[in-house]
Amino acid sequence: MQNILVADAVSKSYGNYRALGNISLEIPKNRIYGLLGPNGAGKTTFIRIINQITYPDEGRIFFDGNPLSPGHISLIGYLPEERGLYKSMKVGEQALYLAQLKGLGKSEAKKRLKEWFDRFEIGEWWGKKVQELSKGMAQKIQFIVTVLHEPKLLIFDEPFSGFDPINANIIKDEILKLKEKGTSIIFSTHRMESVEELCEYIALIHKSEKVLDGKLSEIKKAYKNNVFEVSMEMENGVQKVSDFFDKKLEILASNFDQVDRRYDLKVKLPSNDTRGILTELTKYGNVTRFEEVIPSANDIFIQTVNEKEGNG
Amino acid sequence: MAKLRLIIRREYLAKVRNKSFIVMTILSPILIVGMIVLIAYLTKVNESESRIITVLNESTFFGDGFTSTDKISYVQFQNLSLEEAKDSTQALEYFALLHIPKGEHIEEVARSSFLYAKDNPNTSVTERLERVFEKQLRLDRLAQLGVSDEQFEDVEKPYDINLATFEGEKSIKGINELKAIIGGAFGYGIMMFIIIYGGFVMRSVIEEKTSRIIEVIISSVKPFQLMLGKIIGTSLAGITQFIIWIISASFLLFLVVLFLDIDPSLFMNAGQLPNGGMAEMEQLSLAPDSEVLFYAQEIIKIPWGLLIISFLIYFVLGYLIYSSIYAAIGAAVDNETDTQQFIFPIILPLMLAIYVGFFSVFSNPNGPIAVGFSLFPLTSPIVMLMRLPGGIGEGGVPLWQFLVSIILLLGTFLAIVWLASKIYRVGILMYGKRPTYKELFKWLRY
């Protein structure tokens, strides 16, 4: 099996509200998968179904080829968006408790916790109460507890919300290390730019439905539309260049800086063949930048949603 | 099951290590015993307050009627005018002056007698004085009829009817009430336990919601397991606390009785028995020895084994019903202030059970109201326990009623726990606004 998780036409309603409509997804093994979409799109409902917190009305889920069952709970690690710890409980005791709930034996859990605590250099927090910790400290504990039982599938709902940049980077690195060890990872977020660089596959969820999914690089290739950003240092005026562009291609935006004599353009080419154009351009001035605009997940999302709603 | 045990253990430890829980465990028996001692002491002081009444008796009647008691002392005035007597009484700061004027006839004298006091004297004083007058007046009237004192005493003898069951077993008035008190103590214990520890369950659920740990936990265990573990863990902590309370309170009371020389019978009055029970207790303590023996026999005859086993059944089922409702309420709200509207409807049947129990089971343990409330599952844990000291079968609770009440309770238990766990499952993941009853109803269908 090359997919850790397959969702087959999963639907879920709360009363009259349809939280998930007919979602089918394939989440490949050992990859980072982004579940993207605005708040209220249905991401958390889907994740809760994977974690068997709620159950789908229709459709089936397969975990590593088998129908999802309570036995899979210990193979999944989940860091929810709404996360916290018992405030009056001691850090070590609490981590131990949560690890044991995931099915780890006490001594094994203790051993692994010590390792993680040493790695994060937080050994002295063991006997402290959670209410004495700062928010960032508590989040490190939550992260450790999520990954401690070495699950096959890790699910992070809004992983970087609330983390300061330094801790966010530490966590990011740890997640990448886990991926190297073979863990499959799902990121769910409405802040698409925060995970874009990490995700290899994505699914876009909008209004309870999947609007797009697949390999991110392929999606981006498909959504490129030959738009380039160009910067030139001009010796003369910009008129000649403009005339040239007007004939050959479409100018989406332009700006000429009088002092630096720099001309910035955003242009759309008829094809992605740039060879002729670049040589032509150098006749008018010194080309300092010529770069294809790769659409961000956010752009793709907005474009897809607009297309869908335009059609509908 | 291993996870359930982990949850129970955590909930238990979290509760018993809680500072306010520890403080309450230690402080409560001290406070309760202190209260009892204080009430007993105040009662004693109140009772021992002695009033002095001066008597200016110008008549030839009522001469020997006014003998001092520990409540009222009498001081006789002689050869004073009324005004002088009033002045002296006030000057001496005595309580009141009783003036009995001259007269030919006792009736006429009594009619024109006055009690002068600073304020309106309380009834316990006037009743005592009236009794003296009444007795003398009655004797006078009897003398006119030619009846002697002895003959009158003879006529006055009280009468108690003999009671027996159809099987010929003798019984005594008040024994039903006494039995109901014993059952009531069990029922009252259940009610207190439900209110205290049900509230703990609720607060513990709210804490999990507000600390946002709930979703982390239920991604590892089923919400129902968590709810059950929480209820069991909290009640184990509660039982621990109750046992510590009972042991330390009885020990303290024992010390108090031993060292402070307080009459133990005063504790009876200071306890939480309602009025009906108190009267019975007084009657009990006034009863002659043979009756005390009889009461003792009756108490021994109470089916203790049955009572304790049914107490355990009713306690476990009743507590689980109510605490799962408490858990559902905790799940439905975000903070404790929002719980009020939901808590009142649960406390209501509990209070009703206690009051209906004390009023109707006391007077008629097998009457229609007592039967109805001892079958209705939300009140049966308390009311049935009040009826059970009479035994099951002849003269007690008919077997069918006992069985029906247990079956109803069991059915309700299953239904309520099922409903509560549904509300709980949805509620713990809901944040934001306070739900209405209508929304709670909708959650049942999610």
Could you go through region B:4-13 and let me know if any residue there is surrounded by 15 or more Cβ atoms within 10 Å (Cβ to Cβ), farther than 29 Å from residue B:246 by Cβ and modelled with pLDDT of 85 or more.
yes
From the list A:75, A:36, A:25, which residue is assigned by TED's automatic domain parsing to the domain that holds residue A:130 and under 25 Å from residue A:138 (Cα atoms)?
A:75
Kindly provide the set of residues from region B:422-446 that are of a type in the set (Ser, Thr, Tyr) and within 14 Å of another protein chain (Cβ to nearest Cβ), ordered by number.
B:424, B:431, B:436, B:446
Of the residues that sit in region A:281-307 and are assigned to a helix (DSSP H, G or I) and of a type in the set (S, T, N, Q), which one is farthest from residue A:204 (Cα to Cα)?
A:306
Tell me, which helices (runs of 4 or more DSSP H) lie completely within region B:359-444 with 3 or more residues that are surrounded by fewer than 20 Cβ atoms within 10 Å (Cβ to Cβ)?
B:368-375, B:399-427, B:437-443
Looking at region A:158-170, is at least one residue of a type in the set (A, V, I, L, M) and surrounded by 21 or more Cβ atoms within 10 Å (Cβ to Cβ)?
no
Scan region A:170-199 for residues that are of a type in the set (Asp, Glu), over 13 Å from the mean Cα position of the chain (by Cα) and farther than 19 Å from residue A:78 by Cβ and jot them down.
A:173, A:180
Number of the condition not met by residue B:248 [criteria: (1) touching a Pro at 6+ places or on another chain (Cβ under 9 Å); (2) at pLDDT below 50]
(2)
Which condition number in (1) at pLDDT below 90; (2) out of contact with any Gly (no Cβ under 8 Å at 6 or more places or on another chain) is the one that residue A:178 fails?
(1)
From (1) at pLDDT 85 or above; (2) within 18 Å of residue B:188 (Cα to Cα); (3) in a helix (DSSP H, G or I), pick out the condition that doesn't hold for residue B:345.
(2)
Pick from region A:115-129 the residues that are under 28 Å from residue B:18 (Cβ atoms) and out of contact with any Gly (no Cβ under 7 Å at 6 or more places or on another chain): which of them is nearest to the other protein chains (Cβ to nearest Cβ)?
A:129
I need the full set of residues from region A:86-99 which are at the interface with another protein chain (Cβ under 7 Å from one of its Cβ atoms) and not hydroxyl-bearing (Ser, Thr, Tyr), in order please.
A:87, A:89, A:98
Which one is surrounded by the fewest Cβ atoms within 10 Å (Cβ to Cβ) among residues in region A:49-85 that are out of contact with any helix residue (DSSP H, G or I) (no Cβ under 8 Å at 6 or more places or on another chain) and within 11 Å of chain B (Cβ to nearest Cβ)?
A:70
Residue count, region A:19-48, condition surrounded by fewer than 17 Cβ atoms within 10 Å (Cβ to Cβ), among the charged types (D, E, K, R) and either part of a strand (DSSP E or B) or touching a Leu at 6+ places or on another chain (Cβ under 8 Å) (or both), comes to 0
If we keep only residues of region B:181-225 that are of a type in the set (Gly, Ala, Ser) and within 13 Å of chain A (Cβ to nearest Cβ), then the residue surrounded by the most Cβ atoms within 10 Å (Cβ to Cβ) is B:220
On the given criteria, is residue B:432 at positive phi and touching a residue at least 40 places away in the same chain (Cβ under 8 Å)?
yes
Taking the criterion of being hydrophobic (A, V, I, L, M, F, W, C) and over 32 Å from the mean Cα position of the chain (by Cα), would at least one residue in region A:200-221 satisfy it?
no
Is it fair to say residue A:42 is out of contact with any Phe, Trp or Tyr (no Cβ under 7 Å at 6 or more places or on another chain) and more than 14 Å from chain B (Cβ to nearest Cβ)?
yes
Looking at A:106, A:102, A:111, can you tell me which residue is within 14 Å of another protein chain (Cβ to nearest Cβ), over 30 Å from residue A:27 (Cα atoms) and not aliphatic (A, V, I, L, M)?
A:106
Quick check on this structure: which one of B:253, B:228 is modelled with pLDDT under 90, surrounded by 17 or more Cβ atoms within 10 Å (Cβ to Cβ) and either more than 14 Å from chain A (Cβ to nearest Cβ) or under 30 Å from residue B:44 (Cβ atoms) (or both)?
B:253
Test residue A:121 against the criterion of being buried (at least 20 other Cβ atoms within 10 Å of the Cβ), over 21 Å from residue B:223 (Cβ atoms) and modelled with pLDDT under 90, and give yes or no.
no
If I filter region B:29-43 for residues that are exposed (fewer than 13 other Cβ atoms within 10 Å of the Cβ), within 14 Å of chain A (Cβ to nearest Cβ) and under 30 Å from residue B:237 (Cα atoms), do I get at least one hit?
no
Determine which member of the set A:77, A:84, A:92, A:71 is part of a loop (DSSP other than H, G, I, E, B) and either farther than 13 Å from residue A:12 by Cα or among the hydroxyl-bearing types (Ser, Thr, Tyr) (or both).
A:84
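Conditions tested, residue by residue: (1) part of a helix (DSSP H, G or I); (2) surrounded by 16 or more Cβ atoms within 10 Å (Cβ to Cβ); (3) at pLDDT 60 or above.
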residue: B:280; (1), (2), (3): yes, yes, no
residue: B:285; (1), (2), (3): yes, no, no
residue: B:293; (1), (2), (3): yes, no, yes
residue: B:300; (1), (2), (3): yes, no, yes
residue: B:309; (1), (2), (3): yes, no, yes
residue: B:319; (1), (2), (3): yes, yes, yes
residue: B:324; (1), (2), (3): yes, yes, yes
residue: B:327; (1), (2), (3): yes, yes, yes
How about region A:143-168: which of its residues are in a loop (DSSP other than H, G, I, E, B), over 11 Å from the mean Cα position of the chain (by Cα), modelled with pLDDT under 90 and more than 14 Å from chain B (Cβ to nearest Cβ)?
A:163, A:164
Note on region A:233-272: residues exposed (fewer than 13 other Cβ atoms within 10 Å of the Cβ), within 16 Å of residue A:283 (Cα to Cα) and among the polar types (S, T, N, Q) are A:236, A:239
Pairs under 6 Å by beta carbon, first residue surrounded by 12 or more Cβ atoms within 10 Å (Cβ to Cβ) in region A:124-137, partner in a strand (DSSP E or B), six or more apart or different chains?
A:129/A:90
Against the definition (closer than 16 Å to residue B:124 by Cβ and touching a Leu at 6+ places or on another chain (Cβ under 9 Å)), how does residue B:41 come out, yes or no?
no
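The values are calculated or read from the model by the stated rules, or taken from the named source; none is laboratory data. Remember, predicted model here, so these are calculated numbers, not experimental data. Don't worry about glycine lacking a Cβ; one is built from the backbone with ideal geometry, like all the others, and counts go over all protein chains shown.
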